[in-house]
1. When the chain is treated as a GNM, springs tying every alpha-carbon pair under 10 Å, which of 148, 244, 130 comes out with the largest mean-square fluctuation?
2. Looking at the chain, send over the antiparallel percent of its DSSP beta bridges, to the nearest 5.
3. What part of the accessible area of region 54-183, given as a whole %, is carbon or sulfur when the probe is 1.4 angstrom?
4. As a check on your grasp of the helix formula, calculate [θ] at 222 nm for the chain: sum -39500 (n - 2.57) over DSSP H runs of n ≥ 4, divide by the residue count, round to the nearest 500.
5. Mean shadow of the chain, computed from the convex hull of its alpha carbons, in nm²?
6. Could you tell me, in Å, what Rg and Dmax come out for the Cα atoms of region 2-86?
7. Classify region 1-51 from the C-alpha gyration tensor, please: rounded if a/c falls under 1.5, else prolate or oblate depending on whether a/b exceeds b/c.
8. Pull out the extension gain between residue 252 and residue 194, defined as 0.36 nm times the separation in residues minus the alpha carbon to alpha carbon distance; nm, one decimal.
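The values are calculated or read from the model by the stated rules, or taken from the named source; none is laboratory data. Just so it is clear, the model here is predicted, and its values are computed rather than measured. Don't worry about glycine lacking a Cβ; one is built from the backbone with ideal geometry, like all the others, and counts go over all protein chains shown. Heavy atoms of the whole protein, side chains included, go into the accessibility calculation; ligands, DNA and RNA do not. Shrake-Rupley method; radii C 1.70, N 1.55, O 1.52, S 1.80 Å.
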Amino acid sequence: MNILVTNDDGIHADGLRALKSALDEIGRVYVVAPDRPRSACGHSITLHKPLRADPVKLPDGSTGYASNGTPSDCVSLALLGLVEEGVDLIVAGINCGPNLGWDLTYSGTVSAAMEGAIMDVPSFSISVAAYEPNVDYSVAAAFAARLAVILQQHRLPPSTLLNVNVPALPQSQIKGVRITRQGKRRYTGALEKRTDPSGRAYYWLGGDLPVDQLEEGTDVKAIADHYISVTPIHLDLTDHAAMAEMLAWGIQEIDVASL
Ligand code: MN
């Protein structure tokens, strides 16, 4: 099995190293990853400047490719020719920090797996729900290897990827694994206004930790309860229930000739 590993924390991130080392046990691992941290870049792609993919020596002695592009670019680069042997599975991570609920729309890690699903390659993203820089990736890395083997035996449905989150806890405190749905988390107090030395205002996005809505069956609840969360994510973002309701709103009856 040829496995592409990428991330959004950059090719030198500890989480990528731990992931590669675990996946080396079950397949041939190719690393194509951003040359710098790209967290929260979402699914952006590079269209208006040259994309680079430079060979770099990884700490284990193998060679990876560091790209000036985004995580999604890295997947495209790998699938469109950089990995000549072909890619059977894409694993993005291990991200430092959770990717839960509405984080998914911002996440470069999850977007890399989305790009894989678009290209019809089985893909998952994996994150440790840590807010501290010194993270133990060992449980997440071992879990990624186990999941990779399962995905060899069971084909994901079309246009579906998996988003995995692992509690930032010692193995003995993790209670198990849950298949979940995407939950909700809201960022509050996210805008901080400051003044620069010349007197002009500037702003920091970020602020407080998100507020999780702990609904049963969700990824945020599983992590809060100390379970590993595995969420199947579909590329179809349509709200099908809303479609039916909106038929009665007269939108389709707007006469284009009257505009
Ligand atoms: Mn990240």
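1. 244
2. Roughly 40 percent of the DSSP beta bridges within the chain come out antiparallel.
3. 52 percent
4. Working: 6 runs with 57 residues, N = 259.
Rounded to the nearest 500, the figure is -6500 deg cm²/dmol.
5. Working: hull surface 77.1 nm².
Mean orientational projected area (the chain, Cα hull): 19.3 nm².
6. Over region 2-86's Cα set, Rg and Dmax evaluate to 12.0, 38 Å.
7. Prolate, since a/c reaches 1.5 and a/b exceeds b/c.
8. So the extension gain works out to 16.2 nm.
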